[in-house]
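K.L.:
I'd like to ask some things about the structure below.
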Amino acid sequence: MLLSSDLWVSALIRRAQLEGAYATVVNKGDDRAGSVIVKAYDTSTRTAKLYTEAFGQDGDRLWIQPVTSESESELDAYITRQRGYDPDLWVVEIEDRQGRHFITEKVAG
């Protein structure tokens with residue numbers, strides 16, 4: 001059983017904060033079923049990575065990087081396009097000295 005989007009986002013933000021990172025909701029989506037994009041910004045290298053949810057063949061939540069660029073402007077352009085397609089989209093930004101994303105589910109590498 002999957003968690004609702006608002007609960008999952010709250011848990012992600014809490015994990016990040018417990019580890020000393022700054023995390024915030026940039027765009028609040030649908031509480032129950034909104035998709036989520038996580039932008040992890042590495043404050044030491046000034047680079048960022050995006051993670052978006054997908055579902056693997058086994059039905060489990062899987063996180064992928066939809067854009068290979070680490071340029072923040074390119075990542076922000078992707079987010080803007082996605083928000084235009086999906087008004088229920090959640091966008092969470094995390095700033096961390098190590099660039100950690102704090103996602104506990106499987107992340108495709």
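The values are calculated or read from the model by the stated rules, or taken from the named source; none is laboratory data. It should be emphasised that the depicted structure is a prediction, and the values quoted were computed from it without experimental measurement. Note that we place each Cβ from the backbone using ideal geometry, even for glycine, and neighbour counts take in every protein chain shown. With ligands, DNA and RNA removed, areas are computed over all heavy atoms of the protein, side chains included. Shrake-Rupley method; radii C 1.70, N 1.55, O 1.52, S 1.80 Å.
K.L.:
Taking K and R as +1 and D and E as -1, what net charge do the other residues with C-beta under 15 Å from the C-beta of residue 3 add up to?
P.N.:
Here the charged neighbours net out to -2.
K.L.:
Filter the trypsin sites (Lys or Arg not before Pro) in the stretch 22-109 to those in DSSP coil with at most 15 other Cβ atoms within 10 Å of their Cβ, and list the result.
P.N.:
28, 32, 46, 97, 100
K.L.:
Follow-up question, since we're still on this one. Using the basic label-point model (7 angstrom from Cα toward the beta carbon), what is the residue 25 to residue 10 distance in nanometres?
P.N.:
About 0.9 nm separates the two model spin labels.
K.L.:
Suppose the chain between residue 71 and residue 55 were pulled fully straight at 0.36 nm per residue; how much longer would it get relative to their current alpha carbon spacing?
P.N.:
Values: separation 16, 0.36 × 16 = 5.76 nm, distance 2.59 nm.
Extending this stretch completely gives an extra 3.2 nm.
K.L.:
Which ³J(HN,Hα) values, rounded to whole Hz and listed in residue order, are derived for the stretch 13-22 from phi using the Karplus coefficients 6.51, -1.76 and 1.60 in 6.51 cos²θ - 1.76 cosθ + 1.60 with θ = phi - 60°, glycine and proline given as x?
P.N.:
Result, ordered by residue: 4, 5, 4, 4, 5, 4, 8, x, 8, 9 Hz.
K.L.:
Grab the DSSP H runs of the chain that are 4 residues or longer, score each as -39,500 (n - 2.57), total them, divide by all residues and round the 222 nm result to the nearest 500 deg cm²/dmol.
P.N.:
-8500 deg cm²/dmol
K.L.:
All other residues with a Cβ under 13 Å from the Cβ of residue 71 taken together, and with Lys, Arg as +1 and Asp, Glu as -1, what is their net charge?
P.N.:
Overall, the nearby charge balance is -2.
K.L.:
Could you work out the relative contact order of the stretch 59-109, using alpha carbon pairs under 8 angstrom and six or more residues apart, expressed as a whole percent?
P.N.:
Numbers: 21 pairs, mean separation 32.0, N = 51.
That works out to 63 percent.
K.L.:
Still on this structure, I have one more. Relative contact order, percent, of the chain when contacts are C-alpha pairs under 8 Å separated by at least 6 residues?
P.N.:
Values: 200 pairs, mean separation 40.3, N = 109.
Rounded, it is 37 percent for the chain.
K.L.:
What is the antiparallel percent of DSSP beta bridges lying wholly in the chain, to the nearest 5?
P.N.:
60 percent
K.L.:
Let me ask something additional. Order 64, 103 by their accessible area, 1.4 angstrom probe, all chains in place, largest first.
P.N.:
Sorted by accessible area, descending: 64, 103.
K.L.:
Test of understanding: in a Gaussian network model of the chain with alpha carbons linked when under 10 Å, which of 77, 48, 40 would top the mean-square fluctuation ranking?
P.N.:
77
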